[in-house]
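*Asks:* My questions will all concern the structure given below.
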There are 2 protein chains.
Amino acid sequence: MEDVLAYLEGRKDASLADLLAFASIPSVSTDPERRGDVRRAAEWLAGRLRTAGLSTVDILETPGHPVVYAEWLGAPDAPTVLVYGHYDVQPPDPLDRWQSPPFTPTVRGERVHGRGVSDDKGPLLIPVQVAEAFFQTRGTLPLNVKFLFEGEEEVGSPNLAPFVRAQAGRLRADVVLSADGGMWRADVPTLTVSSRGLAGLELTLRGPGKDLHSGRHGGAVQNPLHALASLLAGLHDERGRVTVDGFYDDVQELSDDERASLRALPFDEEAYRAEVGAPALFGEAGSSALERLWTHPTLEVNGMWGGYTGEGSKTVLPSEAHAKITCRLVANQDPERVTEAVVRHLETHLPPGVTLDVRPSDHGARAYRIPADHPALLAARKVLTQVYGQPPLEVGMGGSIPICEVFQRELGLETVFFSFAVGDEDIHAPNEFFRIPRLYEGQRAWARLWQELAVREVAPV
Amino acid sequence: MEDVLAYLEGRKDASLADLLAFASIPSVSTDPERRGDVRRAAEWLAGRLRTAGLSTVDILETPGHPVVYAEWLGAPDAPTVLVYGHYDVQPPDPLDRWQSPPFTPTVRGERVHGRGVSDDKGPLLIPVQVAEAFFQTRGTLPLNVKFLFEGEEEVGSPNLAPFVRAQAGRLRADVVLSADGGMWRADVPTLTVSSRGLAGLELTLRGPGKDLHSGRHGGAVQNPLHALASLLAGLHDERGRVTVDGFYDDVQELSDDERASLRALPFDEEAYRAEVGAPALFGEAGSSALERLWTHPTLEVNGMWGGYTGEGSKTVLPSEAHAKITCRLVANQDPERVTEAVVRHLETHLPPGVTLDVRPSDHGARAYRIPADHPALLAARKVLTQVYGQPPLEVGMGGSIPICEVFQRELGLETVFFSFAVGDEDIHAPNEFFRIPRLYEGQRAWARLWQELAVREVAPV
């Protein structure tokens, strides 16, 4: 192991330079105008895999953005790992809130700032650099590796499931190691063992056939903004519990054991409140913030707009009002059933004087949990203990990694989250950053993990 | 009279060409980037007043956009009228809903389409063209005329009151004739005898200190969009009545006579509904749409926004949420008192987990009503009967013309609305238009009105 670790130690500047180059490509998958940039990121990544020593590297087309695939299968007696990550990033807006341009990655102290550095370009590069270190020092990897890097994670991976299904033969492996996911916090190593699912929709309310003058017409017709406020307000009770009929039907109460182990985790709600900068925490009475974050479903309005939103005032009674909603799901909740329940609620609670148009997202995901005794999870725990000098905490995740369900369903594989991003790194927000020391810690951990897995019995589910 | 009317009849094309030139200047007073265009419109208008024959024409500075002023005082034994209008216009957005560019005024059939053609550039040009007709045919006007055209009506005339106060000597007159206001409908002549007042504010709710990932943090903190929906939803009950404590305190119930005369007006609610294109009318139970529009106060959300509003999806739990609100007021309501009541409501109903920042508009206006026996109103009624062959209906107005209160307070003058715009001409909306025949009808009516007022006793209040 020392040869590989020494090689990585000697290449720190080059490793960081990799990330600066990669993160300067604005691969915003939600933005049709960035299509060319997304492809440019795919090509950069394919090139980087080749210089790392991978001989089989392909850019594989999908109906959307391409998949970057690479493999090395020179260890016939060792297991095969499928390494997952994504090279696309979130939109950077609001642009005016960035301290340095989002696509000019900028080092300040021990952090590099830029869109995508934490989610997921930094974590994704780590196993590529580790492969290079093995090739450069030993000419070989300790186990078989397949890299699958997609470009549509931030739009819900609409083409990943069909791709994986179509390529099931090529993707055959023993376990998925996800470079996406993120550690719970910066001060203790953690292993994420569960994530929430996802369902979403966009809605439009329509009132008058055109924008009206709010003086001349106000009082005679429904204002779609009032109707939207009323409709959205009715989705939660005053303690934040979702009021949608059937929303909690498939949600299982936590067992006393589960609740106790959540309570045992070191978590300071006041420190968390200060970290997110909210005047107070808020949520369903009788449950801790951690319990709500990891084990309760949510319904969140992600965007809401209508009427005049520019400088100054405009006395308009607008024709339309809009909202985007996503729900986070927990074990046993079905995205389609949840979406149907929300749509039914919107229809039955529609205020008078407007019509409703709902567009459910065509991608949803179930929640995920890896079996507690999975050998790859045990191996990951062992190497994190070696790297950090303390055993990792097992934690949940409020966000969603829909790919877990895809790999489970299409390939029969469990997924170990092995990302070195941290959950506080302002992903999906201005000034996203990645902790540079994590890049090097991640390299040592991935190198050890591959070595460890090479000698374990890892079987698909 | 025939000489003047014949002159106008022979100049129809030139009159329309005036409007096309004037309306091609994008004098959007709310938009700081249009400041130069607003001044260009003022200069164009000053030039047009000079070519009309006015010898005293000035562009008078204010802290904001300038006032265009002109006068002719050559009729010492006749009354003096102060003609009011505004040369600024509303913003044109949403731009993509215009069938022809907003600042390329376009004739389609008997209508000219463009931002500001109805509000207020077409109606404003009429008395200028009438002055020209008198000068060209008689070399004189039948009465003394002072023109006061402001450039800040669409931003609430913040500098008009101080301007009028400072220039009270120069502006002395017997009555105000407003070229702004608009007729109720296209099929019958109307005289507007009342308008609603105005009060407004903008509010921001702040939750987390930065935008958060809605998966990673949803459920633990208040979402400002949820809080905003709840706060705004609580401003009305389910029938549309404003729930703000004290909002209706100063509102007087209609007398039986007033209600009966409202009922006597020809007004087809279904035709109105179809005209505005709403699925249904909506408002307080037990009152007609007309009663609500003219005699009830309103609270309307004019704009509401927060979170991700672009293409695709972004799973954000935003740091802030925003709304713009205006209230329309009726007789006896004080804009400041109403604003205070709304602010108090927002403060006392603030959902947990967010902070509130309210910015009241610095301009408000009381409602207005002209005395039923005012001699200028009687004169206006007489000439409209001559021009249209039927007596005008006396109607209310849902919108606000704050200048009425300014002229009453600062100069002791009543205001007669004498505009030839019609309320259905999509002012403040895409595809604003003005009915070209109204330009010519308006010219005949203004010429007759001046002639009629010249021989009447018109005294200030």
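The values are calculated or read from the model by the stated rules, or taken from the named source; none is laboratory data. Values in this document were obtained by computation on a predicted structure and should not be read as measured data. With ideal geometry, Cβ positions are generated from the backbone for all residues, glycine too; neighbour counts draw on all protein chains shown.
*Asks:* Is there a residue being farther than 26 Å from B:Gly412 by Cα and either surrounded by fewer than 24 Cβ atoms within 10 Å (Cβ to Cβ) or not assigned by TED's automatic domain parsing to the domain that holds B:Cys404 (or both) anywhere in the range B:189-196?
*Replies:* So far as the range B:189-196 goes, yes, one or more of its residues are farther than 26 Å from B:Gly412 by Cα and either surrounded by fewer than 24 Cβ atoms within 10 Å (Cβ to Cβ) or not assigned by TED's automatic domain parsing to the domain that holds B:Cys404 (or both).
Residues are listed down the side, and each one gets a yes or a no for (1) under 20 Å from the mean Cα position of the chain (by Cα); (2) surrounded by 18 or more Cβ atoms within 10 Å (Cβ to Cβ); (3) not aromatic (Phe, Trp, Tyr):
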position	(1), (2), (3)
B:Ala6	no, no, yes
B:Asp18	no, yes, yes
B:Ala21	no, no, yes
B:Val28	yes, yes, yes
B:Leu45	yes, yes, yes
B:His65	yes, yes, yes
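*Asks:* Looking only at residues that are surrounded by fewer than 17 Cβ atoms within 10 Å (Cβ to Cβ) and over 25 Å from the mean Cα position of the chain (by Cα) in the range A:236-252, which one is nearest to B:Ala220 (Cα to Cα)?
*Replies:* A:Arg239
*Asks:* Of everything in the range B:88-126, what is assigned to a loop (DSSP other than H, G, I, E, B) and either of a type in the set (S, T, N, Q) or without any contact (Cβ under 8 Å) to a residue 60 or more places away in the chain (or both)? Give them in sequence order.
*Replies:* B:Gln90, B:Asp93, B:Gln99, B:Ser100, B:Pro101, B:Thr104, B:Gly109
*Asks:* Give the range A:84-101 a look and list any residue that's within 13 Å of another protein chain (Cβ to nearest Cβ) and closer than 18 Å to A:Arg34 by Cα, or say none.
*Replies:* Scanning the range A:84-101 gives A:Asp88, A:Val89, A:Gln90, A:Pro91, A:Pro92, A:Asp93, A:Pro94, A:Leu95.
*Asks:* Filter the range B:137-178 down to the residues that are farther than 30 Å from B:Asp3 by Cα and out of contact with any strand residue (DSSP E or B) (no Cβ under 9 Å at 6 or more places or on another chain) and list them by number.
*Replies:* B:Val155, B:Pro158, B:Ala161, B:Pro162, B:Arg165, B:Ala166, B:Ala168, B:Gly169, listed by residue number.
*Asks:* Taking the stated definitions as given, is B:Ser178 within 12 Å of another protein chain (Cβ to nearest Cβ) and either of a type in the set (Ser, Thr, Tyr) or touching an Asp or Glu at 6+ places or on another chain (Cβ under 6 Å) (or both)?
*Replies:* no
*Asks:* Give me the residue from the range B:427-461 that is among the small types (Gly, Ala, Ser) and surrounded by fewer than 20 Cβ atoms within 10 Å (Cβ to Cβ) and, out of that set, farthest from B:Pro392 (Cα to Cα).
*Replies:* Ranking the candidates gives B:Ala459 first.
*Asks:* Taking B:Arg359 as the residue in question, decide whether it is surrounded by fewer than 17 Cβ atoms within 10 Å (Cβ to Cβ) and closer than 30 Å to B:Gly64 by Cα.
*Replies:* Here the answer is yes, as B:Arg359 does meet what is asked.
*Asks:* Does the range A:144-165 contain any residue that is among the polar types (S, T, N, Q) and under 19 Å from the mean Cα position of the chain (by Cα)?
*Replies:* yes
*Asks:* Follow-up question, since we're still on this one. Which residues, counting only those in the range B:160-188, are outside any helix (DSSP H, G or I) and at pLDDT below 95?
*Replies:* Scanning the range B:160-188 gives B:Asp180, B:Gly181, B:Gly182, B:Met183, B:Trp184, B:Arg185, B:Ala186, B:Asp187, B:Val188.
*Asks:* I've got another one for you. Looking at B:Arg344, is it away from every other protein chain (no Cβ under 14 Å), assigned to a helix (DSSP H, G or I) and among the basic types (Lys, Arg)?
*Replies:* yes
*Asks:* Within the range A:201-210, can you find the residues that are at the interface with chain B (Cβ under 7 Å from one of its Cβ atoms) and either crowded, with 24+ Cβ neighbours inside 10 Å or without any contact (Cβ under 8 Å) to a residue 12 or more places away in the chain (or both)?
*Replies:* A:Gly207, A:Pro208
*Asks:* From the residues in the range B:312-341 that are among the β-branched types (Val, Ile, Thr) and more than 7 Å from chain A (Cβ to nearest Cβ), which one is farthest from B:Tyr368 (Cα to Cα)?
*Replies:* Ranking the candidates gives B:Ile325 first.
*Asks:* Could you pull out the residue among B:Ser214, B:Ser157, B:Ser178, B:Ser195 that is touching a residue at least 60 places away in the same chain (Cβ under 8 Å) and in contact with a Leu (Cβ under 6 Å, 6 or more places away or on another chain)?
*Replies:* Testing whether each residue is touching a residue at least 60 places away in the same chain (Cβ under 8 Å) and in contact with a Leu (Cβ under 6 Å, 6 or more places away or on another chain) leaves just B:Ser214.
Residue-wise test of (1) at pLDDT 95 or above; (2) buried (at least 24 other Cβ atoms within 10 Å of the Cβ); (3) within 30 Å of A:Asp96 (Cβ to Cβ); (4) aromatic (Phe, Trp, Tyr).
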{"position": "A:Thr385", "(1), (2), (3), (4)": "yes, no, no, no"}
{"position": "A:Val395", "(1), (2), (3), (4)": "no, no, no, no"}
{"position": "A:Ile401", "(1), (2), (3), (4)": "no, yes, no, no"}
{"position": "A:Arg409", "(1), (2), (3), (4)": "no, no, no, no"}
{"position": "A:Glu414", "(1), (2), (3), (4)": "yes, no, no, no"}
{"position": "A:Phe418", "(1), (2), (3), (4)": "yes, yes, no, yes"}
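*Asks:* List pairs: first residue in the range A:39-52 and assigned by TED's automatic domain parsing to the domain that holds A:Pro127 and of a type in the set (Phe, Trp, Tyr), second residue part of a helix (DSSP H, G or I) and at pLDDT 95 or above anywhere in the structure, Cβ distance under 9 angstrom, at least six positions apart or on different chains.
*Replies:* As it stands, the answer is A:Trp44/A:Ala21; A:Trp44/A:Phe22, since those pairs meet every condition given.
*Asks:* Show the residue pairs meeting these rules: Cβ distance below 7 Å; 6+ apart or different chains; first residue within the range A:131-151 and without any contact (Cβ under 8 Å) to a residue 12 or more places away in the chain and not assigned by TED's automatic domain parsing to the domain that holds A:Leu82; second residue assigned to a loop (DSSP other than H, G, I, E, B) and buried (at least 24 other Cβ atoms within 10 Å of the Cβ).
*Replies:* none
*Asks:* Still on this structure: When the range A:127-159 is examined, which residues are found to be buried (at least 20 other Cβ atoms within 10 Å of the Cβ), assigned to a helix (DSSP H, G or I) and of a type in the set (S, T, N, Q)?
*Replies:* Residue satisfying the conditions is A:Gln129 alone.
*Asks:* Follow-up. Do you know which of the residues in the range A:273-311 that are more than 7 Å from chain B (Cβ to nearest Cβ) and assigned to a helix (DSSP H, G or I) is surrounded by the most Cβ atoms within 10 Å (Cβ to Cβ)?
*Replies:* Going through the qualifying residues, I end up with A:Trp294.
*Asks:* Do you know which of the residues in the range B:359-379 that are outside any loop (DSSP other than H, G, I, E, B) and away from chain A (no Cβ under 14 Å) is nearest to the chain's Cα centre (by Cα)?
*Replies:* If we take residues in the range B:359-379 being outside any loop (DSSP other than H, G, I, E, B) and away from chain A (no Cβ under 14 Å), then B:Arg369 is nearest to the chain's Cα centre (by Cα).
*Asks:* Give the range A:13-37 a look and list any residue that's of a type in the set (D, E, K, R) and either touching a helix residue (DSSP H, G or I) at 6+ places or on another chain (Cβ under 6 Å) or on the phi > 0 side of the Ramachandran plot (or both), or say none.
*Replies:* Matches in the range A:13-37: A:Asp18 only.
*Asks:* For the range B:255-264: of the residues being more than 14 Å from chain A (Cβ to nearest Cβ) and hydrophobic (A, V, I, L, M, F, W, C), which is farthest from B:Thr192 (Cα to Cα)?
*Replies:* B:Ala260
*Asks:* Pull up the range B:211-235, narrow it to residues that are over 26 Å from A:Glu425 (Cβ atoms) and within 7 Å of chain A (Cβ to nearest Cβ), then point me to the one that is surrounded by the fewest Cβ atoms within 10 Å (Cβ to Cβ).
*Replies:* B:Ala233
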